[in-house]
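Below is one structure, written out as structure tokens, with a few remarks after it.
The values are calculated or read from the model by the stated rules, or taken from the named source; none is laboratory data. The model shown is predicted, which means the values in this text are computed figures rather than measured ones. Reconstructed Cβ throughout: ideal geometry from the backbone, glycine too, with neighbour counts over all protein chains shown.
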Amino acid sequence: MADFVARLGSRASVPGEVRSALGAEEYAALLAGDVAVPDLRRGRLAPGGLRAVLEAMARPPSAELNKARLAAMSGIPGTTITPYVDALADLGLVHLLPGARTTVAKRAVARPRVVFDDPALARRLAGDSTAALTELGGRARLAPYLEGIVAAELLRQQRTSEVDFRVTHLRERNGLEIDVLVELPDNTVYGIEVRTAAGFRPHQFRALEALADRAGSRFRGGIVLNTAPVGFKYRLGMWGLPISALWDWES
């Protein structure tokens, strides 16, 4: 699974697929040809600053957006950091995953999470080697990449889905956290937790159980996605599935 994030794109588990050879500047230049970012085109944003902010976003990846932290890490004044964040989102290099909006949430933090469209780019910017992610103690470093892969894939599918849905994350001030929520127009939700483990254990479903108790009939189901090779039914309305099940329903 660590090799998974070393490849280009979230579907890059296909054996032999070409690895990303692009750096941040080349990646941005490639996308800028198709995306209108006025501040970038008019020279109002320094290319070096764009790279610095993107690198700060990758340390660590999939973190909540904290503009003060990004400004401190990138050397960009806090008063001018917002156009850089907006430009990176407009370029499609990152997505800003909003905080939960469903009424199921209680005192939810609204701050978005930064999700890289390409986990390989995030890994390169963060300086994490594939070897480091496969080490016994590398799970904590691997986890945010897997969370980003899941969120980015759901956002990608959102554009072509026949069913309207919103992809968010949940962190409540009382401690309840869900990696990804899929919110439907009727105010029902699916909860998704992402884990690095290759097996399923009851503790992986605890947050989903808490969400189910809270939501009642508004809870559509809960899923734990991890690196297991096959799926698992935990109980009625809750399943464990391989991450690849997001695009390969025969997993």
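Any residue in region 200-222 that is under 19 Å from the mean Cα position of the chain (by Cα) and either over 25 Å from P61 (Cβ atoms) or part of a strand (DSSP E or B) (or both)?
Narrowing region 200-222 to residues under 19 Å from the mean Cα position of the chain (by Cα): 204, 207-208, 222.
Adding the requirement that they be either over 25 Å from P61 (Cβ atoms) or part of a strand (DSSP E or B) (or both) leaves 222.
Within region 200-222 (the criterion being under 19 Å from the mean Cα position of the chain (by Cα) and either over 25 Å from P61 (Cβ atoms) or part of a strand (DSSP E or B) (or both)), the answer is yes, since at least one residue qualifies.
One residue is enough: does region 40-57 have a residue meeting the conditions at pLDDT 85 or above, surrounded by fewer than 15 Cβ atoms within 10 Å (Cβ to Cβ), closer than 26 Å to H169 by Cα and small (G, A, S)? Show your work before the answer.
Step one: filter region 40-57 for residues at pLDDT 85 or above, giving 49-57.
Right, trim to surrounded by fewer than 15 Cβ atoms within 10 Å (Cβ to Cβ) and you get none.
No, region 40-57 contains no residue that is at pLDDT 85 or above, surrounded by fewer than 15 Cβ atoms within 10 Å (Cβ to Cβ), closer than 26 Å to H169 by Cα and small (G, A, S).
Starting from region 68-97, keep only residues that are closer than 16 Å to P112 by Cα and touching a residue at least 12 places away in the same chain (Cβ under 8 Å), then list their pairs with residues that are of a type in the set (K, R) and not in a loop (DSSP other than H, G, I, E, B) whose Cβ atoms are within a distance under 6 Å, requiring at least 6 positions of separation or different chains.
Hits for this filter: I81/K67; L97/R113.
Do we have any residue at all in region 157-165 that's surrounded by fewer than 13 Cβ atoms within 10 Å (Cβ to Cβ), in a loop (DSSP other than H, G, I, E, B) and in contact (Cβ under 8 Å) with a residue 40 or more places away in the chain?
no
Residues in region 176-184: is at least one acidic (D, E), under 21 Å from V53 (Cα atoms) and buried (at least 18 other Cβ atoms within 10 Å of the Cβ)? Spell out how you get there, then give the answer.
Of all residues in region 176-184, those acidic (D, E) come to 177, 179, 183.
From what is left, the residues that are under 21 Å from V53 (Cα atoms) are none.
No, there is no match, as no residue in region 176-184 is acidic (D, E), under 21 Å from V53 (Cα atoms) and buried (at least 18 other Cβ atoms within 10 Å of the Cβ).
Considering every residue within region 212-223, establish whether at least one is in contact with a helix residue (DSSP H, G or I) (Cβ under 6 Å, 6 or more places away or on another chain), within 14 Å of A105 (Cα to Cα) and not assigned by TED's automatic domain parsing to the domain that holds L97. Even if it seems obvious, please write down each step before you answer.
Quick first cut of region 212-223, residues in contact with a helix residue (DSSP H, G or I) (Cβ under 6 Å, 6 or more places away or on another chain) only: 219, 222.
Next cut, within 14 Å of A105 (Cα to Cα) only: 219.
Imposing the further condition that a residue be not assigned by TED's automatic domain parsing to the domain that holds L97 reduces the set to 219.
Yes, because at least one residue in region 212-223 is in contact with a helix residue (DSSP H, G or I) (Cβ under 6 Å, 6 or more places away or on another chain), within 14 Å of A105 (Cα to Cα) and not assigned by TED's automatic domain parsing to the domain that holds L97.
Looking for whichever is under 27 Å from L70 (Cβ atoms), without any contact (Cβ under 8 Å) to a residue 60 or more places away in the chain and either in the same structural domain as T82 (by TED's automatic domain parsing) or surrounded by fewer than 13 Cβ atoms within 10 Å (Cβ to Cβ) (or both) here; the options are V194, V115. Which one fits?
Numbers: V194 fails: either in the same structural domain as T82 (by TED's automatic domain parsing) or surrounded by fewer than 13 Cβ atoms within 10 Å (Cβ to Cβ) (or both).
Result: V115 is the single residue among V194, V115 that is under 27 Å from L70 (Cβ atoms), without any contact (Cβ under 8 Å) to a residue 60 or more places away in the chain and either in the same structural domain as T82 (by TED's automatic domain parsing) or surrounded by fewer than 13 Cβ atoms within 10 Å (Cβ to Cβ) (or both).
Please tell me if D179 is closer than 26 Å to R107 by Cβ, touching a residue at least 24 places away in the same chain (Cβ under 8 Å) and not in a loop (DSSP other than H, G, I, E, B).
Values: closer than 26 Å to R107 by Cβ: yes; touching a residue at least 24 places away in the same chain (Cβ under 8 Å): yes; not in a loop (DSSP other than H, G, I, E, B): yes.
Here the answer is yes, as D179 does meet what is asked.
Please tell me if G127 is of a type in the set (G, A, S), exposed (fewer than 14 other Cβ atoms within 10 Å of the Cβ), more than 17 Å from E64 (Cα to Cα) and assigned by TED's automatic domain parsing to the domain that holds T82. Reasoning before the result, please.
Working: of a type in the set (G, A, S): yes; exposed (fewer than 14 other Cβ atoms within 10 Å of the Cβ): yes; more than 17 Å from E64 (Cα to Cα): yes; assigned by TED's automatic domain parsing to the domain that holds T82: yes.
For G127, the condition - of a type in the set (G, A, S), exposed (fewer than 14 other Cβ atoms within 10 Å of the Cβ), more than 17 Å from E64 (Cα to Cα) and assigned by TED's automatic domain parsing to the domain that holds T82 - is met.
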